[in-house]
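Participant: This is the structure I want to talk about, given as structure tokens.
The values are calculated or read from the model by the stated rules, or taken from the named source; none is laboratory data. Only a predicted model underlies this, so the values are computations on that prediction, with no experimental measurement involved. Don't worry about glycine lacking a Cβ; one is built from the backbone with ideal geometry, like all the others, and counts go over all protein chains shown.
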Amino acid sequence: MNIQDYVKNKNPKFVNAFLQLWDITQESIDPDFECGFSYGMPGYNVPLSLYPKGYLNRKDEAVPFLGLAIQKHFIVIYHMGLYLDSDLKEWFETEYKKVVPTKLDLGKSCLRLKNPQHIPYPLIRELIQKMSAKEYIILYENQYR
């Protein structure tokens, strides 16, 4: 599957914003992460070549880091760094309030973007750039020992 196939039957209200977020992700993410589809969505994982233990010690499954999806009523960014790094999450919450007029809708790792006109693209770019694959592996190891 590719990105164009993924967006084909999605809510057209979100397709352009999603594609812009995907482009930002590809331009901004640490090249040590590997692009692919998992859990039915495009995203980036820590490749097994970099972390052979695999996700939850499954040696055939890469550790997920970031996923992007179009749901019925919003775009969602799953960023595991927000879940594992409280300082990063606090930074993001503070910066989001400075640039977006609507309330932040953030779960443990999922950022729901309901209005395409209020997506803080530069902030999303900065968020993605803030964590390398090697930094993420350290956080992941500390969480799941």
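Participant: Collect the residues in region 1-44 that are under 16 Å from Val76 (Cα atoms) and among the acidic types (Asp, Glu), keeping them in residue-number order.
Facilitator: Hit for region 1-44 is Asp23, nothing else.
Participant: Still on this structure, I have one more. If you scan region 82-106, which residues turn out to be part of a loop (DSSP other than H, G, I, E, B) and closer than 20 Å to Phe14 by Cα? Please lay out each step first, then the result.
Facilitator: Restricting attention to region 82-106, the residues satisfying the condition of being part of a loop (DSSP other than H, G, I, E, B) are 85, 100-105.
Result: Val100, Pro101, Thr102, Lys103, Leu104, Asp105.
Participant: Is it fair to say Tyr44 is modelled with pLDDT under 95 and crowded, with 18+ Cβ neighbours inside 10 Å?
Facilitator: On the way: modelled with pLDDT under 95: no; crowded, with 18+ Cβ neighbours inside 10 Å: yes.
Judged against the criteria, Tyr44 is not a match.
Participant: Turning to a different aspect of this structure: Of the conditions (1) out of contact with any Asp or Glu (no Cβ under 7 Å at 6 or more places or on another chain); (2) touching a residue at least 12 places away in the same chain (Cβ under 8 Å), Pro47 clears all except one; give me its number.
Facilitator: The single condition Pro47 does not satisfy is (1).
Participant: Looking at region 112-145 only, could you name the residues that are part of a helix (DSSP H, G or I), polar (S, T, N, Q), over 15 Å from Val63 (Cα atoms) and out of contact with any helix residue (DSSP H, G or I) (no Cβ under 6 Å at 6 or more places or on another chain)?
Facilitator: Here is the first cut: in region 112-145, the residues part of a helix (DSSP H, G or I) are 116-118, 121-129, 133-143.
Narrowing further to those that are polar (S, T, N, Q): 117, 129, 142-143.
Filter again for over 15 Å from Val63 (Cα atoms), leaving 117, 129.
Listed by number, the list holds a single entry, Gln117.
Participant: Let me ask something additional. Quick check: is even one residue across region 74-81 aliphatic (A, V, I, L, M), in contact with a Ser or Thr (Cβ under 6 Å, 6 or more places away or on another chain) and farther than 21 Å from Val7 by Cβ? Break it down stepwise before answering.
Facilitator: Applying the first criterion (aliphatic (A, V, I, L, M)) to region 74-81 yields 75-77, 80.
With in contact with a Ser or Thr (Cβ under 6 Å, 6 or more places away or on another chain) added as a condition, the list becomes 80.
Pick out the ones that are also farther than 21 Å from Val7 by Cβ and you get 80.
Yes.
Participant: Need the failing condition index for Ala17 against (1) in contact (Cβ under 8 Å) with a residue 60 or more places away in the chain; (2) under 14 Å from Tyr136 (Cβ atoms); (3) among the small types (Gly, Ala, Ser), just the number.
Facilitator: Just one mismatch for Ala17, condition (2).
Participant: Same structure, new question: Return a yes/no flag: does region 85-96 have any residue that is within 26 Å of Tyr6 (Cβ to Cβ) and small (Gly, Ala, Ser).
Facilitator: no
Participant: Restricting attention to region 98-116, and to residues there that are under 18 Å from Leu68 (Cβ atoms) and of a type in the set (S, T, N, Q), which single residue is nearest to the chain's Cα centre (by Cα)?
Facilitator: Ranking the candidates gives Ser109 first.
Participant: Checking the condition surrounded by fewer than 16 Cβ atoms within 10 Å (Cβ to Cβ) and without any contact (Cβ under 8 Å) to a residue 40 or more places away in the chain, which residue from Lys59, Lys72 passes?
Facilitator: On the way: Lys72 fails: without any contact (Cβ under 8 Å) to a residue 40 or more places away in the chain.
Only one candidate passes the filter, namely Lys59.
Participant: Within region 94-111, how many residues are surrounded by fewer than 17 Cβ atoms within 10 Å (Cβ to Cβ) and closer than 27 Å to Val63 by Cα?
Facilitator: 5
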